[in-house]
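Quick note: the coordinates plus some simple rules give every number you see, no bench work behind them. All figures in this text were calculated on a predicted structure; none of them were measured in a lab. Because the Cβ atoms are built from the backbone with ideal geometry, glycine has one as well, and the counts that use them run over all protein chains shown.
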Amino acid sequence: MTQQAMPDDAGTPVVPPTAAPPSHTEQATEPPAGQTILRQMLESSWLVSLLAIVAALVLGGVLIAAADPEVQQAATYLFARPSDFFEAVWSAVFGAYSALFQGAVVNFSAPDLQRALRPLTETMTVSTPLILAGLGLGIGFRAGLFNIGAQGQIILGGIFAGFIGFTFSLPPGLHLLLAVLGAALGGAIWASIAGVLKARTGAHEVIVTIMLNNIAVYLVAYLLTTTAFQRPGSSNPISPPIPGSATFPLVLGQGFRLHLGFLLALLAAVGVWWLMERSTLGFRFRAVGENPHAARTAGISVAWVTVWVMAIAGALAGLGGAAQVLGTEKVLTAGVAASFGFDAITVALLGRSRPLGTVLAGLLFGALRAGGFAMQARTGTPIDIVLVVQSLIVLFIAAPPLVRAIFRLPTPGGPTRAERHAARRRARATSSTTPTTQEAGA
Amino acid sequence: MSTATTTAPAAPAAPRAAKPLPPISWRAPIAYAVIGLLSLVFFALLPAGGQQTTFRLSTANDFFQIEPITVSSTGAALFLSILALLLAGLSFWAARDRRKVGIWLPIVFGVLVVFAFLSWAGAGKAAIPLTGLLQGSLFLAVPLVFGALSGVLCERVGIINIAIEGQLLAGAFLAAVVASLTSSAYAGLVAAPIAGALVGVLLVIFSVKYWVNQIIVGVVLNVLVVGVTSYLYSTVLTEDPGTWNTRTPLPVLEIPVLSQIPVVGPVLFRQTLLVYIMYVVVALLQVFLFRSRWGLRLRAVGEHPKAADTVGIKVNATRVRNTILGGAVAGLGGAFFTVAAGLAFGKEMTGGKGFIALAAMILGRWNPVGALVAALLFGFSDNLQTVLGIVGTPIPSQIMLMTPYVVTIFAVAGLVGRVRPPAAEGIPYVK
């Protein structure tokens, strides 16, 4: 399973669509340059990602339309007046998606520029924990470890950050630094449990991290009933507020929730890129992910890599918890991780485990989530549709052949249409009755 | 890690004595000893003596009534802990002589420690209703058993099924909707497997046709099912709950005579139809998986698909059929949450039970009866938490709720012996 930890074309390096020539251009009959570029664009994984998003939005639209009362009403007399039906479908789907867009990117109906751009900053705020946790999971995926435990690691990061934040009183900069480091440590410890168990006993990381998620949920619920964590004078499971010395400074002033945690996430993405692409440690991680047996033969300790990968992934997820507790929420509650840990899995998958991809995917899912709340408020479409769209996006992304089949795109490395025709002509000339091998290969 | 167990392949003629014996694993005996000592110290020696614990055994309509048993709490805990420590000693002795101990030892050990715990937790409190405790345990274990059986079917054929959670939820949803529309709980029971099978279809299409990593598909399908059911719940179901989402409980069927046997009767034979179906499914799977042509082919495909293909078994077709069947089994288990529990459908009402089922499958070593036992264990700890909450307990409920997950981690980390999944699981078969 470790060799197959990623969707099949995820291993291709992220390159601009025009950079890498596909194999078939080496053939003698060189097609015109324009056609080659078009074909390279059609074969690129970026286009597949884009079309996967389109397909997911279309399917989500079907669901939005199906549950809309006006559409249901119009469907009863579909054959008498089909235009009514299509108008109802259009208004339901367009209404929901435009509300989603305006809630996530730019609010066109806002009175001033500041409020018009507010949704975009909300998207960035929401995407912060998704990016951080997704970066960690991406490292795991590339090292062949399927870490489902971001949820628990975020919670542990939140617990550590919160505890350091509201228990001690320290000078502003130092306090924040300690709380952030504590969060990274908390996440790393939690993830290392799975890493050590995997390395020493072979316990499957999927099961252990799922169990650790559940334990973390009850752990934070329990801690918030103890005197050390519960807000004095409150019977609710909520911690004391985090003092200003330990919170992330706001980036754009009081009008926006966007805090320095987002910049931390971007920095972390650069750091992960450096780690995975430029450092020896990252090379070892990738080697183990590609083929653990070969890596072992080459003298890399697979057990050691397992523990390190989990610890780093946990530290990043823990930072995601810090972003929530020290930035967005400014308090520790039992729902600190919301569903960020699970969404981060889809973020990492959509981003193909690459830092840049993860940042973009995190922003997309942050936008879907931030816009989803606006959509729910404005058109009454439940935010659950966002989950549907997210999961469909990942399903389509994971199966490029499916997307190519839906949109009738050429297969990468396969024959072009002209080549297929030529092959067919040749086959007819040699009066072969079986289909051409090239077609079977496509 | 496995260097100690591998032997040279080309030495069949060598005398048996020359083969180096694997090192003795002291892990299990040490664990038993530690748990036994903890039980002795915390349940028997540390608490103040002189308090009584009462166990209630009978329900109102049994053949004959058994008087509630009242024991001295520390005395009973002492007795049970010492018995547990004797078992730990037995385990040491067996490990030294390289003997195999049966599956009975961990079970008996567990029962002893649990009763020691109960006599400590119930000291000076209201009587502990033992029958109710066991009955509820079995009831709560139902979705876990079905989910774990689904996992056994899928993984034995080589497809990792992380989507059990989604299959349970889909089953719960469709069971509630169909039961509500037809006003018949049994119709819901028929619909539930269909929903689960649909999720199974998606799982197998993406894993067999598109070779997507099966864990990824499973995780994503879980999200998809949560999204679709929550969305439909928030729109269609809440707009007109009278039509779409009425509570339609499955009636409790008492099996005549058998249900009146004290303790055993109410626990096993005073349940809903779903529980009786569960007995049948476990028994059928246990027999057919290991004693039929279907089972042999299924396991062959999961262990060595190439060999299976060579002898003419259609690998991918077998995987498709059995994964869909597995989905249907999990879907049937989903009916527990709505029609069997007598509840209307609610958002994300399975609450992670699918993942516990997955753990139960691993604890049960990919074996139907093993999965049943493990699922019962989880059901018991779940229900124990509820019962002790009513009786009143010194332990915070969150810690109690945590226990099954901690136990699972210990278990998969090799405490119960190394577990080995089917060899070809998770690997798409490409001719």
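Things worth noting here:
- Listed from fewest to most Cβ neighbours within 10 Å, the set B:K100, B:K306, B:K209, B:K125 follows the order B:K100, B:K306, B:K209, B:K125.
- Residue mean of other protein chain beta carbons inside 10 Å, A:194-207: 5
- Entry note, chain B: relative contact order of 24 percent, from Cα contacts under 8 Å with a spacing of 6+ residues.
- Residue-averaged [θ]222 nm for chain A, counting only DSSP H segments that reach four residues, each worth -39500 (n - 2.57): -22000 deg cm²/dmol
- Check: the stretch B:23-125 dipole with +1 on Lys, Arg Cβ and -1 on Asp, Glu Cβ, in debye: 440 debye
- Between B:T53, B:T323, B:T310, the Gaussian network model of chain B with springs among Cα atoms under 10 angstrom shows the greatest mean-square fluctuation at B:T310.
- Highest mean first, the peptides B:220-229, A:368-377, B:26-35 sorted by other C-beta atoms within 10 Å per residue fall in the order B:220-229, A:368-377, B:26-35.
- Put a plus charge on the Cβ of each Lys and Arg, a minus charge on the Cβ of each Asp and Glu, and nothing anywhere else: the dipole of the stretch B:133-372 about its Cα centre is then about 780 debye.
- Relative contact order, percent, the stretch A:124-353 [alpha-carbon distance under 8 Å, six or more residues apart]: 44 percent
- Residue of A:Q230, A:Q151, A:Q324 that the Gaussian network model of chain A assigns the largest fluctuation, springs spanning Cα pairs under 10 Å: A:Q230
- Mean-position separation - Cα centroids, the stretch B:55-130 and the stretch B:222-273, in angstrom: 32 Å
- Directionally averaged projected area (convex hull, Cα atoms, the protein assembly as shown), nm²: 45.7 nm²
- Dipole magnitude (debye, nearest 20) for the protein assembly as shown, charges at Cβ of Lys, Arg, Asp, Glu: 2380 debye
- For the options B:L133, B:L273, B:L45, a Gaussian network treatment of chain B with springs between C-alpha atoms closer than 10 Å singles out B:L45 as fluctuating the most.
- Cut-off under 5 Å, modelled amide H: who pairs with B:Q52 long-range: B:S73, B:G124
- The relative contact order of chain A comes to 28 percent, based on Cα pairs under 8 Å that sit 6 or more residues apart.
- CD proxy at 222 nm, helix term only [per DSSP H run n ≥ 4: -39500 (n - 2.57); per residue of chain B; nearest 500]: -19500 deg cm²/dmol
- Peptides B:158-167, A:60-69 ordered by packing proxy, namely the average of other Cβ atoms within 10 Å per residue, highest first: B:158-167, A:60-69.
- Most positive-pole-ward Cα, A:A99, A:Q390, A:A370, against dipole of chain A from beta carbon charges: A:Q390
- Projecting the Cα atoms of A:V302, A:A265, A:L326 onto the dipole axis of the stretch A:262-356, where Lys and Arg carry +1 and Asp and Glu carry -1 at the beta carbon, places A:V302 farthest toward the positive end.
- Take each residue of peptide A:394-403, count the partner chain Cβ atoms within 10 Å of its Cβ, and average: the result is 5.
- Kyte-Doolittle mean at least 0.5 and Cα axial length at least 30 Å: DSSP H helices in chain B: B:73-96, B:130-156, B:368-391
- Neighbour-count order for B:V373, B:V287, fewest beta carbons within 10 angstrom listed first: B:V287, B:V373
- When peptides B:333-339, A:104-110, A:51-57 are ranked by their average number of other Cβ atoms within 10 Å per residue, the highest-first order is B:333-339, A:51-57, A:104-110.
- Neighbour-count order for B:L388, A:L250, fewest beta carbons within 10 angstrom listed first: A:L250, B:L388
- Projecting the Cα atoms of B:P396, B:G334, B:G364 onto the charge dipole of the stretch B:323-431, computed from C-beta unit charges around the Cα centre, puts B:G364 farthest toward the positive end.
- Around the amide H of B:Q271, modelled in the peptide plane, lie the amide H atoms of B:L253, B:I255, all under 5 Å away and 5 or more residues distant in sequence or on another chain.
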